[in-house]
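*Asks:* Sending over a structure as structure tokens; questions will come in a sec.
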Amino acid sequence: MKKFIALASLGIGTVASTVYATHTDEFAPFLANATRTVERLWTGIEANPVPVLVALGTFMLTILYHKARGKSLRESVEVAATRVQVIAVSAPATGEADNPVVKRAQARATRTQLSADQIALENRIRTLPSTVKQAEKDACYTEQAVADGEKSLAAKRQANEETATKLESLRKELAEGRAELSAIAAELKRLAEVV
């Protein structure tokens, strides 16, 4: 796998350099674009290096921690990079797998476990119809309660709108009445001055 990756990297590098050498004018925009992207990335890192340093420091500390716990450098890097613990699978001993006593014991344990699982599942299925029926009733009752609540809410909203309309008309009537009263008072005062 490592040889394949190295060979692929070498091949990609060779193709890129050949294309650049033969078609420099066409390759220049891509190279300029890549250069701008790298410069922008580096400017961002220079402007605020703390997140990058924290990430690298955490990565290194994770590697050192797993290395101190006895893992190889490769396993430590894998765990730090993927956050997945690498577990080595040991091959079963050939003597145990062929042993008829072990096979019978495994078959009995499997049969016992399957029988226990079957009994537990049958008991659960026996009680499920009544539980399902009760859940259906509860769902119907709550659905009815929601419908009643929506009807009640609609009636209360209608009453609120009617009350708000009545309040607005009464306020308008009050304002008109006060304006008319002040006009009458002004007219009476003017008439009193004339007489």
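The values are calculated or read from the model by the stated rules, or taken from the named source; none is laboratory data. All values reported here derive from a predicted model rather than from experimental measurement. No Cβ is skipped: glycine too gets one built from the backbone with ideal geometry, and neighbour counts run over all protein chains shown. These area figures cover heavy atoms from the full protein model, side chains too; ligands, DNA and RNA do not enter into them. Shrake-Rupley method; radii C 1.70, N 1.55, O 1.52, S 1.80 Å.
*Asks:* Name the residue, out of LEU7, LEU53, that is part of a helix (DSSP H, G or I) and either surrounded by 11 or more Cβ atoms within 10 Å (Cβ to Cβ) or under 32 Å from the mean Cα position of the chain (by Cα) (or both).
*Replies:* Checking each option against the conditions leaves just LEU53.
*Asks:* Out of all the residues in segment 20-30, which are open to solvent by 80 Å² or more (accessible area, probe 1.4 Å) and assigned to a helix (DSSP H, G or I)?
*Replies:* If the condition is that a residue be open to solvent by 80 Å² or more (accessible area, probe 1.4 Å) and assigned to a helix (DSSP H, G or I), then TYR20, THR22, ASP25, GLU26, PHE30 are the ones that fit.
*Asks:* Ok, one more. So, in segment 31-50, how many residues would count as being of a type in the set (A, V, I, L, M), open to solvent by less than 80 Å² (accessible area, probe 1.4 Å) and within 31 Å of the chain's Cα centre (by Cα)?
*Replies:* Of the residues in segment 31-50, 1 are of a type in the set (A, V, I, L, M), open to solvent by less than 80 Å² (accessible area, probe 1.4 Å) and within 31 Å of the chain's Cα centre (by Cα).
*Asks:* Still on this model: Determine if segment 42-49 includes at least one residue that is out of contact with any Cys (no Cβ under 7 Å at 6 or more places or on another chain), outside any helix (DSSP H, G or I) and within 28 Å of THR82 (Cα to Cα).
*Replies:* Checking segment 42-49: at least one residue is out of contact with any Cys (no Cβ under 7 Å at 6 or more places or on another chain), outside any helix (DSSP H, G or I) and within 28 Å of THR82 (Cα to Cα).
*Asks:* Any residue in segment 6-25 that is of a type outside the set (Lys, Arg) sitting within a Cβ distance under 7 Å of a residue that is open to solvent by less than 70 Å² (accessible area, probe 1.4 Å)? List the pairs, counting only those 6 or more apart or interchain.
*Replies:* Matching pairs, first to second residue: VAL19/PHE27; TYR20/PHE27.
*Asks:* Could you go through segment 82-94 and let me know if any residue there is under 32 Å from the mean Cα position of the chain (by Cα), part of a helix (DSSP H, G or I) and modelled with pLDDT under 90.
*Replies:* Looking for residues that are under 32 Å from the mean Cα position of the chain (by Cα), part of a helix (DSSP H, G or I) and modelled with pLDDT under 90, one finds at least one in segment 82-94, hence yes.
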